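Undergrad: One structure is given below, represented as structure tokens, and several questions about it will come after.
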Amino acid sequence: KSLHILLLLLTATLLSAQTTADFENLNVQVGSFNNDAGDGHSFSSGDIELPNFYDPAFASWSGWAISATTDVTTPGFLNQYSAIAGGGANGSATYAVAYVYGSEVMNLSDDAAGSVVQGIYLTNSTYAYLSMLEGDAFAKKFGGESGNDPDFFK
């Protein structure tokens, strides 16, 4: 009888096992970011792969970058790599940042391939948050001066 319970518990544990991607394995120093994944064109952590496209001719990127920046007060696009939360989930110093041009994907591999993603932590960048809160050279404050202008952020 105890063998059946052990097998049942082991099976239940294996079926509910999830992998976590915290990006700490990418060794981004606190206060810096990496927007160029190099020849592999993706960042990998746990069982997740995040596509990255870097154009050295324009020093521009799209897809995903990895960040360990914590600036929650400086407005503007030069602060595009900071999360308004001040860091990653659960105290992680490192996190992924998406620059969405169309749609972005996350590729799941190994044990996660074909599985349902049980959860993901998301927040705005400091740049996006402060732009919507205060307005800037590219966008008005959400709600406008009256507070009644319709707005959305996708």
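The values are calculated or read from the model by the stated rules, or taken from the named source; none is laboratory data. Predicted model, so just to flag it, every value in this text is computed and none were measured. Positions of Cβ are backbone-derived with ideal geometry, glycine not excepted, and every protein chain shown enters the neighbour counts. Heavy atoms of the whole protein, side chains included, go into the accessibility calculation; ligands, DNA and RNA do not. Shrake-Rupley method; radii C 1.70, N 1.55, O 1.52, S 1.80 Å.
Undergrad: Within region 101-120, track down each residue that is surrounded by fewer than 15 Cβ atoms within 10 Å (Cβ to Cβ), outside any loop (DSSP other than H, G, I, E, B) and under 18 Å from the mean Cα position of the chain (by Cα).
TA: Result: Asn107, single match.
Undergrad: Another one. Could you list, in sequence order, all residues of region 51-60 that are closer than 14 Å to Asn34 by Cβ, within 20 Å of the chain's Cα centre (by Cα) and either free of Cβ contacts under 8 Å to residues at least 12 places away in the same chain or open to solvent by 30 Å² or more (accessible area, probe 1.4 Å) (or both)?
TA: Phe53, Tyr54
Undergrad: Can I ask one more? For region 17-42: of the residues being closer than 21 Å to Ile120 by Cα and among the acidic types (Asp, Glu), which is surrounded by the fewest Cβ atoms within 10 Å (Cβ to Cβ)?
TA: The selected residue is Glu24.
Undergrad: Answer yes if at least one residue in region 142-150 is on the phi > 0 side of the Ramachandran plot and open to solvent by 60 Å² or more (accessible area, probe 1.4 Å), and no otherwise.
TA: no
Undergrad: What is the number of the single condition among (1) under 24 Å from Leu133 (Cα atoms); (2) in contact (Cβ under 8 Å) with a residue 40 or more places away in the chain; (3) under 12 Å from the mean Cα position of the chain (by Cα) that Ile48 does not meet?
TA: (1)
Undergrad: Which one of these is in contact (Cβ under 8 Å) with a residue 60 or more places away in the chain and open to solvent by less than 90 Å² (accessible area, probe 1.4 Å): Thr94, Thr123? Explain how you work it out, then say what you get.
TA: Numbers: Thr123 fails: in contact (Cβ under 8 Å) with a residue 60 or more places away in the chain.
On inspection, the qualifying residue turns out to be Thr94.
Undergrad: Residue pairs, Cβ under 9 Å, 6 or more apart or interchain, first in region 11-34 and in a loop (DSSP other than H, G, I, E, B), second among the charged types (D, E, K, R) and modelled with pLDDT under 90. List them.
TA: Partner pairs satisfying both residue conditions: Ala17/Asp111; Gln18/Asp111; Thr19/Asp110; Thr19/Asp111.
Undergrad: Could I ask something else about it? Just checking, which of Asn79, Asn35 is touching a Ser or Thr at 6+ places or on another chain (Cβ under 7 Å), of a type in the set (S, T, N, Q) and modelled with pLDDT of 95 or more?
TA: Working: Asn35 fails: touching a Ser or Thr at 6+ places or on another chain (Cβ under 7 Å).
Within the list Asn79, Asn35, the selection yields Asn79.
Undergrad: Under 9 Å between Cβ atoms, at least 6 apart or on separate chains: pull out the pairs that start in region 61-86 with a residue that is part of a loop (DSSP other than H, G, I, E, B) and end on any residue that is acidic (Asp, Glu).
TA: Pro75/Glu134; Pro75/Asp136; Gly76/Asp136; Tyr81/Asp71; Ser82/Asp71; Gly86/Asp71
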